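Undergrad: Take a look at this one; I'll ask things after.
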């Protein structure tokens, strides 16, 4: 499979089909997914992103998100491949399990692949927008945060 086909298969199996077994099949045990959990600050000028290592932590993330959203479809709108790396602009769509309303967000995945598996995935999705649509955050949270003064 090409890198694009691997990612499309991952999105379909893990998210649309809610197939937890696909995580272990398609994500190497010592791989890492960045940008899907808490981000922690290091020292004054250091910023480290929380890394989820291996399939087990990703399963926790998958269960949590699928607990909020069903009928998930992730479409790759644009992609660029360079060797074992792929960068993909994506649109996530689903239905709120609580309200039945449709929700969507955009994001990017910058991933490294080998032997039909994901080795690294750097994720940047608009979870703020998603959580506002799900009712977990008030509408306008982003704008209010921009107006905050220390």
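The values are calculated or read from the model by the stated rules, or taken from the named source; none is laboratory data. These figures come from a predicted structure and were not determined experimentally. Positions of Cβ are generated from backbone atoms using ideal geometry, with glycine treated the same way; all protein chains shown enter the neighbour counts.
Undergrad: Looking at the range 1-11, which of the residues that are out of contact with any strand residue (DSSP E or B) (no Cβ under 8 Å at 6 or more places or on another chain) and more than 14 Å from residue 80 (Cα to Cα) is surrounded by the most Cβ atoms within 10 Å (Cβ to Cβ)? I'd like the intermediate steps shown before the answer.
TA: We begin by selecting, within the range 1-11, every residue out of contact with any strand residue (DSSP E or B) (no Cβ under 8 Å at 6 or more places or on another chain); these are 1, 5, 9.
Narrowing the set further to residues that are more than 14 Å from residue 80 (Cα to Cα) leaves 1, 9.
Details: 1: 12, 9: 15.
Ranking the qualifying residues of the range 1-11, first place goes to 9.
Undergrad: Among the residues in the range 79-88, are any under 13 Å from residue 11 (Cα atoms) and in contact (Cβ under 8 Å) with a residue 40 or more places away in the chain? Full working, then the answer.
TA: At the first step, the residues of the range 79-88 found to be under 13 Å from residue 11 (Cα atoms) are 88.
Now narrow it down to the ones that are in contact (Cβ under 8 Å) with a residue 40 or more places away in the chain: 88.
Checked against the condition, which is being under 13 Å from residue 11 (Cα atoms) and in contact (Cβ under 8 Å) with a residue 40 or more places away in the chain, the range 79-88 yields at least one hit.
Undergrad: Would you confirm, using the coordinates I've provided, whether residue 144 is at pLDDT below 95, more than 19 Å from residue 25 (Cα to Cα) and exposed (fewer than 13 other Cβ atoms within 10 Å of the Cβ)?
TA: Values: at pLDDT below 95: yes; more than 19 Å from residue 25 (Cα to Cα): yes; exposed (fewer than 13 other Cβ atoms within 10 Å of the Cβ): yes.
For residue 144, the condition - at pLDDT below 95, more than 19 Å from residue 25 (Cα to Cα) and exposed (fewer than 13 other Cβ atoms within 10 Å of the Cβ) - is met.
Undergrad: Inside the range 106-141, can you point out the residues that are more than 18 Å from residue 34 (Cα to Cα), buried (at least 17 other Cβ atoms within 10 Å of the Cβ) and touching a helix residue (DSSP H, G or I) at 6+ places or on another chain (Cβ under 7 Å)?
TA: 132, 134
Undergrad: Taking the criterion of being farther than 17 Å from residue 129 by Cα and modelled with pLDDT of 95 or more, would at least one residue in the range 91-98 satisfy it? Walk me through how you get there before you give the answer.
TA: Let us first name the residues in the range 91-98 that are farther than 17 Å from residue 129 by Cα, namely none.
No - not one qualifying residue is present in the range 91-98.
Undergrad: Please go through the range 91-135 and pick out each residue that is assigned to a loop (DSSP other than H, G, I, E, B) and in contact (Cβ under 8 Å) with a residue 60 or more places away in the chain. Quick ask: steps written out before the conclusion?
TA: Applying the first criterion (assigned to a loop (DSSP other than H, G, I, E, B)) to the range 91-135 yields 97-101, 115-116, 126, 134-135.
Residues satisfying the conditions are 116, 134.
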